[in-house]
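A short reminder: the numbers here are calculations on the coordinates, not readings from a lab. These numbers were taken from a predicted model, which means no experiment stands behind them. We place every Cβ from the backbone using ideal geometry, glycine too, and count neighbours over all the protein chains shown.
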Amino acid sequence: MRTFLKTLKRTVAVAAVAAATFTLQPLTAAHAHDHAPQTRPGASVVGGTPAQQGEFPWMVRLSMGCGGALYTRQIVLTAAHCVDGSGPNTSITATAGAVDLQSSQAVTVNSTQVLQAPGYNGTGKDWALIKLAQPIDQPTLKIADTTAYNNGTFTIVGWGAATEGGPQERYLLKATVPFVDDATCQKAYGGALTPGDEICAGYLQQGGVDTCQGDSGGPMFRKDGAGAWIQVGIVSWGQGCARPGYPGVYSEVSTFAANIKAAAAGLGG
Ligand code: ARG
């Protein structure tokens with residue numbers, strides 16, 4: 001039986017990806033530290049196109065090399081594997097308000113606190129909240145609190161690598177990917193998938209479109225019944241990026257919605 005490299009790292013580990021050692025490599029906080037954020041100009045979402053300024057106004061770039069979304073104006077929802085634990089933390093910066101990270105319009109705010117999903121151990125539960133020192137004056141992204149939207153076509157966005165092993169992007173990229181059901185996703189990933197905690201998306205046969213290293217923590221979303229964006233996933237992991245047969249794996253937001261809501265309230269909204 002073949003196992004695979006579970007690339008939960010928040011930024012590209014070129015050698016590890018190239019070596020494709022096919023061993024399961026669950027992420028720990030210590031492991032996350034092994035990889036310095038990359039800020040080279042150049043690559044995000046594989047198979048994407050540039051987002052328009054203001055198109056995804058709740059999208060945030062985090063300084064450790066991850067994405068996130070404004071859950072409230074002062075709380076960013078991201079991935080657990082993007083942070084090191086819970087508690088006071090003033091070392092993270094969140095950049096918002098611009099598709100171009102080098103734009104003079106971009107607003108940068110420091111963190112004050114981090115809440116990593118309780119019980120997170122590298123398998124499932126890949127969500128975290130970051131409280132900001134000041135609110136960011138941008139719209140927020142609501143989260144799915146039922147499974148009603150865990151189907152259809154999803155939008156993915158990020159400043160991560162645009163090719164497997166590639167550098168990080170300066171400009172936000174976007175793409176769309178279809179839902180992949182748990183049974184199909186488990187055929188690709190076996191026991192590495194935690195179906196209740198994770199939702200898969202991608203073009204199973206052809207690949208070519210996916211999130212990639214540096215997109216982690218960012219939202220996967222779609223339109224709800226009223227035509228408003230609603231977040232259904234958080235970029236978590238995958239075998240390489242955009243490979244045929246290996247969909248992207250996202251935290252299933254609906255599973256954690258009540259926990260996220262309570263945790264955000266605990267952080268003071
Ligand atoms: N874990 C990666 C990150 O930290 C995201 C990988 C997503 N991979 C994928 N094939 N969809 O940025």
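Please go through the residue pairs LYS142/LYS187; LYS142/LYS174; LYS223/LYS261; LYS125/LYS174; LYS125/LYS223; LYS142/LYS261 and name each one whose alpha carbons sit more than 22 Å apart in this structure. As for pairs spanning more than 22 Å Cα to Cα, those are LYS142/LYS187; LYS125/LYS174; LYS125/LYS223. Between the amide H of LYS142 and those of GLN231, distances stay under 5 Å, these residues lying 5 or more places away or on another chain, with hydrogens modeled in the peptide plane. Amide hydrogen proximity for LYS174: with H placed 1.01 Å from N in the peptide plane, the residues at 5 or more positions away or on another chain lying under 5 Å are THR49, ALA51.
Each of ALA162, ILE136, ASN150 was placed along the dipole of region 120-171 (beta-carbon charges, centred on the mean Cα), and the one lying farthest toward the positive end is ILE136. Computed from backbone phi, the HN-Hα couplings of region 124-137 come to x, 6, 8, 9, 7, 10, 10, 8, 9, 5, 9, x, 9, 7 Hz, rounded to whole numbers (Karplus: 6.51 cos²θ - 1.76 cosθ + 1.60, θ = phi - 60°; Gly and Pro given as x).
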